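J.: First the structure, which I've put down as structure tokens, then a few questions once you've had a look.
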Amino acid sequence: MEFSSSRNRQRQTRLAGDRRELYPHSLQFYLEPPTENISLVEFESFAIDRLKLLKVVENLGVSYVRGSESYKTKLESELRKLKFPYKALAEDDYEARRKDHISHFILRLAYCQSEDLRRWFLQQEMDLLRYRFNELTESLRQKFLEHVNLSFEAISEDLKNELSNELHASTPGLTVAKVKEQMFYKVGLVDAVDLFRTRRVFIKDGFAYVPLKEIDAIVLNNYRTKLSKALALTARSLPCVQSDERLQPLLSRLSHSYVGPDYSVQKNTGKVSLEQIDTLSVKSFPLCMRQLHKALRDNHHLRHGGRMQYGLFLKGIGLTLEQALEFWKKEFIRGKVDADKFDKGYAYSIRHNYGKEGKRTDYTPYSCMKIIMSNPPSQGDYHGCPFRHSDPELLKQKLQSYKIPPSGITQILELVKGMHYQLACQKYFELTHDVDDIGFSLNHPNQYFAESQRLLSGGRELKKELSNSGNSQQKSNTQESMNSNSTPTSSNTTADAELEGLEAYFTED
């Protein structure tokens, strides 16, 4: 893939001729990398849009039953909004297919860098392929199978009638009548091992007789194998790509990317008083910030990782520079730091945080992804994400102390076990605010605070009020909430670089 920052891509496409033959189907296994020129702006735009899509796939996969009408409706809405292919027979979706192809390979570069990233990327891409494959008609499924060299032999009607009893007995969910209506494929056991293991197919002479409705398991297994191998190969080739100074910063940020508001400018600046913080920490702080606030009150000190994470969060909820200086000074002098030491060792760093010292950069609060993926806490630290960095038993005890019901704790721990840390935080929000569905994808601690305040001030109805009124609302559309919370800003793309200078001022413990 080549990159150009000035040429007009549409003009290039016309000069290169009609490239529609590159994408004969709306679905593919991404076996061949793109070779056309692409601008760096389009490179980043495609990558961010696909990352948004995969985040929604992850969220819906936990919140809804895969394949349910709600799941399919919300995912199709997101595909439409982000302009990815969603209708197999659309003749004018070349641009969507092109975007789908290129964006997959960009994120493959970004998410091949560690085992955790590869596992996450693989799971979301498989869920996306499953949805899109199951939306195909039977004839299009057959064409796609041939396109990816999975052209299994369909058995004849005579053979199907001969084996009808065996097929009925060995295939769950199919009556004798449905067996006669269903198309069956003769598949080698190597390709059908998952179905064979779960006893969902009839086996004879080394072949599995698979109904069309189950063929997606074979497709997904084949795709998993190919994509896993491709990710491993990409990881080995990554040093060559990272030598390109244009791409290396982009790829490094994508795997930790946050694509919502940066919360650097707050309309409520100065409206939060210092006297409110203790109450707000219980009602409206996410667990990570509630943990930091409690540690600060208990120990009258936070190490530099905690001060950075919590200090920028407080800035984001509306604390002015003067309030921040007063807040930190009052707390620190209650411990082992006297006023003179605070003024010399800590006040400068707080002013730097607010862009009043050094290069005068307006630093932005940490997103969930940055907290989860960078600077893990060590002994004596309280920063980080409790769902990601806490021992499950300690997390359970903390949730119990906050009066989370046992059933809710079980749900949270299951999400943590599945490495869905942001979804665990969403569940914590729902349980502490007594709502059934928060109606948005949680990606930022300051987003948590803003949504909590909006709900508590009457911007969103509580579950109990809904049940009492008898006019229960349908769950909010996840994609609609993403519209208001997913607009990338230029400051997001430079956030990591901006914070490099700040860390030096927080090293004193």
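J.: Taking loop as defined by DSSP and a crowding limit of 11 other beta carbons within 10 Å, which GluC sites (Glu not before Pro) in segment 336-430 fit?
T.: Filter output for segment 336-430: empty list.
J.: Show me the trypsin sites (Lys or Arg not before Pro) within segment 204-261 that DSSP assigns to loop and that have at most 11 other Cβ atoms within 10 Å of their Cβ.
T.: Those satisfying the criteria are Arg246.
J.: Let me ask something additional. Which loop-located trypsin sites (Lys or Arg not before Pro) does segment 360-466 contain, where loop means any DSSP state but H, G, I, E or B and the Cβ has at most 13 other Cβ atoms within 10 Å?
T.: Loop-located and lightly packed - Arg360, Lys403.
J.: A further question on this structure: Rounded to the nearest 10 Å², what accessible area does Glu322 have for a 1.4 Å probe in the complete protein model?
T.: Only protein atoms counted, so the area is about 130 Å².
J.: Past 23 Å, Cα to Cα, is the threshold; run Lys315/Lys403; Lys52/Lys356; Lys72/Lys160; Lys271/Lys330 against it and keep the listed order.
T.: With Cα atoms farther than 23 Å apart: Lys315/Lys403; Lys52/Lys356; Lys72/Lys160.
J.: May I pose another question? Would you mind computing the Rg to Rh ratio of segment 147-214 from its alpha-carbon coordinates, Kirkwood style for Rh?
T.: 0.93
J.: Heavy atoms of the protein only, probe of 1.4 Å, neighbouring chains included. What is the accessible area of His304 in Å², nearest 10?
T.: 60
J.: Note down the net charge around Ile412, summing +1 for each Lys or Arg and -1 for each Asp or Glu among other residues with Cβ under 12 Å from its Cβ.
T.: Here the count lands on +2.
The values are calculated or read from the model by the stated rules, or taken from the named source; none is laboratory data. Everything numeric in this text was worked out from a predicted model, so none of it was measured. All Cβ positions, even for glycine, are placed from backbone atoms using ideal geometry, and neighbour counts span all protein chains on display. We work out accessible area using only protein heavy atoms, side chains counted, and drop any ligands, DNA or RNA first. Shrake-Rupley method; radii C 1.70, N 1.55, O 1.52, S 1.80 Å.
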